[in-house]
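Everything below concerns the one structure shown next.
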Amino acid sequence: MGLFRSPSAWQSARREKYLSAMQEQNNCPDCVGRGFIMPAAYEYAYPFDCSGCNGTGSFQEWQSNRQ
C-alpha cells in the first residue's frame with residue numbers, strides 16, 4: 001500500500017522543512033512570527049494573541065509550549 005504512504009511521507013517532509021525554516025528565522029510556525037492570529041471571517045474580527053507562542057512570535061517560546 002505504498003500509494004497511501006507516499007502522500008503521508010510528502011506531508012511529513014514538507015512540515016519538517018517548514019519547521020526548520022521557522023527555526024532558522026526564530027519565528028513561531030503558528031503565527032509566522034507576528035504574535036497574533038487574524039481570524040478568517042467575512043466580517044471584521046479582532047486579531048487574538050497566538051496561543052502557540054503566547055503572543056511573542058518566537059520559535060523558542062513555541063517549542064517550550066509544545067513540550
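Numbers at a glance
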| item | result |
| --- | --- |
| Simple label model, 7 Å out from Cα along Cβ direction - Ser64 to Gln25, nm | 2.3 nm |
| Full-stretch length increase - Val32, Ser6 - with 0.36 nm per residue and alpha-carbon distance subtracted | 6.6 nm |
| Helix 2-25 vs. the chain, principal-axis angle (Cα, 0 to 90°, nearest 10) | 40 degrees |
| Chymotrypsin sites (Phe, Trp or Tyr not before Pro) lying in DSSP loop within the range 1-53, provided at most 10 other Cβ fall within 10 Å | Tyr42, Tyr44 |
| Relative contact order of the chain, pairs being alpha-carbon contacts under 8 Å that are 6 or more residues apart, as % | 26 percent |
| Label point distance in nm, Tyr42-Lys17, each placed 7 Å from Cα along Cα→Cβ | 3.6 nm |
| Table column - 3J(HN,Hα) (Hz), the range 62-67, Karplus curve with 6.51, -1.76, 1.60, x for Gly and Pro | 4, 5, 5, 6, 7, 8 |
| Built amide H within the under 5 Å cut-off of Gly57, gap 5+ | Gly35 |
| Residue (of Gly33, Gln67, Ser12) at the positive-pole extreme of the chain, dipole from beta-carbon charges | Ser12 |
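Every number in this text was worked out from the coordinates using simple rules, so none of it is lab data. These numbers come from a predicted model, not from an experiment. Methodologically, a virtual Cβ is constructed for each residue, glycine included, from the backbone with ideal geometry; neighbour enumeration extends over all protein chains shown.
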